Structures are given as structure tokens and as C-alpha cells.
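**Q** Right, I'll just put the structure down here and ask away after.
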Amino acid sequence: MRITAVTCVKNEGPFLLEWIAFNRLLGVTDFLFYSNDCTDGTDRLLDALQARGGVSHLPNPAQGRNYQMEALKHAARQPVVRRADWVWIADVDEFLNIHAGDHSIPALIEACGNPQAISVTFQFFANGGVEAFEDRPVIGQFPRSHNPDIWCADTAIEVKTLVRGDFPLKYFGAHRPFFKERIAPEKRPVWTDGSGRLVQDKFLMAANPRRIRRFPAAGARNFATLNHYALRSLDSYLVKNDRGDVNRENRAFDDSYWRERNDAAWEDTSIQRYLPDLEALLTEMKSDPEIRALHDQSCALHRARRDALLAQPAYQAMQAQLRAAPTLPPGELELMQTLGMAS
């Protein structure tokens with residue numbers, strides 16, 4: 001089975017090897033990376049990995065600011081995507097935590113009945129008071145998250161989607177694919193959630209603008225969870241805030257973004273079952289002197305950017321504000337009170 005992972009990156013150098021190694025453990029065979037405006041050696045590391053096989057690296061083709069959607073449009077035409085049995089579109093801070101079978105993507109596909117698409121629900125993992133960037137697996141550093149069925153004040157939570165090669169594709173979205181208009185009802189794709197249940201019709205048909213990329217999370221993660229480490233350490237969050245993101249150039253992540261994702265009420269260490277094999281594979285990848293040197297250089301540049309930012313009063317103030325921010329996200333207390341879960 002050929003599984004291609006597609007992602008867009010900007011200044012993710014310290015985290016690339018972990019994400020690639022982790023996805024290889026899941027069964028991903030090929031990677032297609034799009035990068036733009038990197039200053040931390042992300043592009044150099046990807047070029048070196050490409051030379052060793054299994055990784056394709058292209059400059060982001062976007063002419064404006066819509067980096068991710070332009071890249072996905074381009075990706076749909078690439079041989080590494082067109083020949084894949086399955087395509088997995090995700091970000092480098094997102095880790096597919098599979099609970100079924102041997103914890104691989106093929107096991108998830110089998111558990112879900114081999115549909116044409118599987119949408120796996122996010123679970124946002126908190127910073128948990130981790131301040132310093134450390135060069136060790138992210139999945140081992142951040143075990144705390146929100147109540148899996150409630151994120152902030154919403155019981156419908158975003159998803160990312162595995163797409164089978166024969167999906168009647170119109171275009172890839174960042175969270176889910178869209179199929180061709182006027183397709184006969186009997187030819188609509190078979191599409192499940194992370195528990196193997198058919199997704200709701202309104203989600204399938206993208207009929208509700210507010211639910212195009214989300215549906216109720218309760219009971220949706222029996223076979224898989226999408227662990228999202230959007231914050232990581234405070235150091236890394238400051239650097240992330242500085243760089244913007246791959247979707248909107250120079251977008252600032254403010255206090256509300258941090259608070260919405262920093263609910264540490266629950267502990268979930270299930271993904272750490274991958275750690276022994278992940279660490280062994282990372283050791284193997286870093287045994288290549290050039291790969292190790294480029295990775296170390298990215299980590300050094302990441303720390304240097306943190307230091308440069310913290311020399312600025314605005315970032316000193318931001319660091320203090322984030323340290324002091326409450327961990328209960330906006331809206332959650334009000335929802336808990338409405339449901340009679342809090343006094």
C-alpha cells in the first residue's frame with residue numbers, strides 16, 4: 001500500500017525528522033513537502049532528505065497569501081499523489097494516533113471497513129507549563145489536553161481526512177476533500193469518522209458552512225485520534241507567532257489562540273506507545289552525518305530566533321502574558337455551567 005503524506009511548512013526545521021519518522025511508523029511511504037520563506041534551514045534539510053529518497057520537496061507555488069490551498073491544488077497533479085493508494089494531508093504539528101490493530105494506517109483503514117475517506121477528529125494538546133524548547137519528541141513532552149468531547153464551548157471539533165485514491169475528487173481541502181458536483185447519490189463516496197461510522201450527510205455534502213470541516217466529537221475517535229500540538233513549548237510558540245503560518249502571511253497568533261488550545265484538564269498518554277520505535281528510527285536517521293548536522297543547525301537557529309525575539313520588549317510582554325493566561329479556554333466555563341458540570 002502506497003500512502004503519501006502532503007504538508008506545507010515554514011520554519012519547522014527542528015520538528016521535521018520526528019514527523020517524518022512518526023508517519024513512517026504508521027505506514028506512510030512517500031512525503032510531499034511544500035516550503036516557503038524558510039530562515040531556519042527547513043528547506044536545506046528537506047533537500048537533503050529528498051536526495052535520500054521517499055521525500056519530495058517543492059517550493060510553494062502560491063503567488064499570493066493562500067499558501068496551503070495553492071499547494072494542495074498543485075499537489076493533486078503530482079505523480080507521488082496520483083499514484084498513491086491513500087493521501088494524508090496534515091500539518092507537522094499533527095500526529096495521527098491510531099488505536100486499532102497494530103496502530104498503523106492500514107489497521108485504521110481495515111477497522112473502518114476500507115471506505116473512500118476517513119475523517120479523524122482533532123484533540124488539542126496543551127503547553128502544560130513547558131517553557132523551554134527541547135530537542136526531543138514532541139509526542140513525549142505534552143500529554144495534557146481538553147475533555148475530548150468538548151473543545152472550548154463547542155462539541156463539534158475539526159477533522160483531517162485520509163483520502164483513498166479512487167475518491168471522486170474535485171479538489172483537496174486542508175481538512176477534507178470535496179467531490180464533484182451533480183454526482184449521483186449512489187456514487188457518492190463512502191466516508192467514515194475515526195470510529196468507522198458514516199459521516200453525517202450535511203458534512204458529506206458540505207451543506208452547512210459552519211460544519212464543512214467539523215462534526216460532533218463524541219464517539220468519533222474509537223479507532224484514531226488526531227493529536228494536535230499547536231502550542232508546543234512557550235519558546236516554540238513565540239517563534240511560531242513571529243513566523244506567521246502557511247495560510248496567511250504574517251498572521252499573528254494572539255492570546256485567544258493560546259488560551260483556546262491550552263486546556264490541560266485531561267491526560268492522554270496513549271500516543272506514547274510509539275515512542276520506543278520513534279526514538280529508534282530517529283537515531284537511525286540522525287546517524288547520517290549530514291542529516292544530523294542540518295537538524296542540529298535548525299534547532300540552533302530556532303533557539304537563536306527565540307533569543308532575538310526576547311530581546312524585544314513586545315515579546316517580553318507577550319511571554320509574560322502567556323505565562324499568566326488562565327488555562328480554562330474561552331467559553332468552556334459557560335458551557336460547563338449550562339450543562340450543570342460546574343457551580
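The values are calculated or read from the model by the stated rules, or taken from the named source; none is laboratory data. A quick note: this is a predicted structure, and the numbers were derived from the prediction, not measured. Every residue, glycine among them, receives a Cβ derived from its backbone with ideal geometry; neighbour counts consider all protein chains shown.
**Q** From the residues in segment 281-340 that are surrounded by fewer than 13 Cβ atoms within 10 Å (Cβ to Cβ) and of a type in the set (Ser, Thr, Tyr), which one is modelled with the lowest pLDDT?
**A** Thr338
Here's the yes/no breakdown for (1) out of contact with any Pro (no Cβ under 6 Å at 6 or more places or on another chain); (2) without any contact (Cβ under 8 Å) to a residue 60 or more places away in the chain; (3) of a type outside the set (A, V, I, L, M, F, W, C):
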| site | (1), (2), (3) |
| --- | --- |
| Pro209 | yes, yes, yes |
| Ile212 | yes, yes, no |
| Leu226 | yes, no, no |
| Arg243 | yes, no, yes |
| Arg261 | yes, no, yes |
| Ala265 | yes, no, no |
| Ser287 | yes, yes, yes |
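**Q** For segment 181-206, give me each residue that is over 22 Å from His99 (Cβ atoms) and β-branched (Val, Ile, Thr).
**A** The answer is Ile183, and nothing else.
**Q** If you don't mind, another one. Considering only residues that are under 15 Å from the mean Cα position of the chain (by Cα) and at pLDDT below 95, which ones fall in segment 202-239?
**A** Residues satisfying the conditions do not exist here.
Residue-wise test of (1) within 26 Å of Leu231 (Cβ to Cβ); (2) small (Gly, Ala, Ser).
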residue	(1), (2)
Asn66	yes, no
Lys73	no, no
Glu94	yes, no
His103	yes, no
Pro115	no, no
Phe122	yes, no
Ala132	yes, yes
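**Q** Additional query: Step by step: first the residues of segment 240-250, then only those that are more than 23 Å from His146 (Cβ to Cβ) and either touching an Asp or Glu at 6+ places or on another chain (Cβ under 7 Å) or in a helix (DSSP H, G or I) (or both), then the one that is modelled with the lowest pLDDT. Which residue is that?
**A** The residue in question is Arg243.
**Q** Follow-up. What are the residue pairs meeting all of these: first residue in segment 87-105, first residue farther than 15 Å from Phe172 by Cβ and surrounded by fewer than 23 Cβ atoms within 10 Å (Cβ to Cβ), second residue at pLDDT 95 or above and of a type in the set (Lys, Arg), Cβ atoms under 8 Å, and 6 or more apart or on different chains?
**A** Asp93/Arg232; Glu94/Lys160; His99/Arg221; His103/Arg273
**Q** If you take just the strands (runs of 3 or more DSSP E) that sit entirely in segment 3-83, which of them hold at least 1 residues that are touching a residue at least 24 places away in the same chain (Cβ under 8 Å) and crowded, with 21+ Cβ neighbours inside 10 Å?
**A** 3-9, 30-35
**Q** Moving on. Please list, ordered by first then second residue, the pairs with beta carbon atoms under 6 Å, 6 or more apart or interchain, first in segment 292-310 and under 14 Å from Lys240 (Cβ atoms) and without any contact (Cβ under 8 Å) to a residue 60 or more places away in the chain, second of a type in the set (A, V, I, L, M, F, W, C) and exposed (fewer than 15 other Cβ atoms within 10 Å of the Cβ).
**A** Hits for this filter: zero, empty list.
**Q** In addition: If I ask for residues that are in contact with a Pro (Cβ under 8 Å, 6 or more places away or on another chain) and in a loop (DSSP other than H, G, I, E, B), which ones from segment 112-124 would you list?
**A** Selection gives Pro115, Gln116.
**Q** Considering only segment 115-148, state which residues are more than 19 Å from Leu16 (Cα to Cα) and among the aromatic types (Phe, Trp, Tyr).
**A** Phe122, Phe124, listed by residue number.
**Q** Looking only at segment 156-167, decide whether some residue is closer than 22 Å to Ala220 by Cα and out of contact with any strand residue (DSSP E or B) (no Cβ under 7 Å at 6 or more places or on another chain).
**A** Checking segment 156-167: not a single residue is closer than 22 Å to Ala220 by Cα and out of contact with any strand residue (DSSP E or B) (no Cβ under 7 Å at 6 or more places or on another chain).
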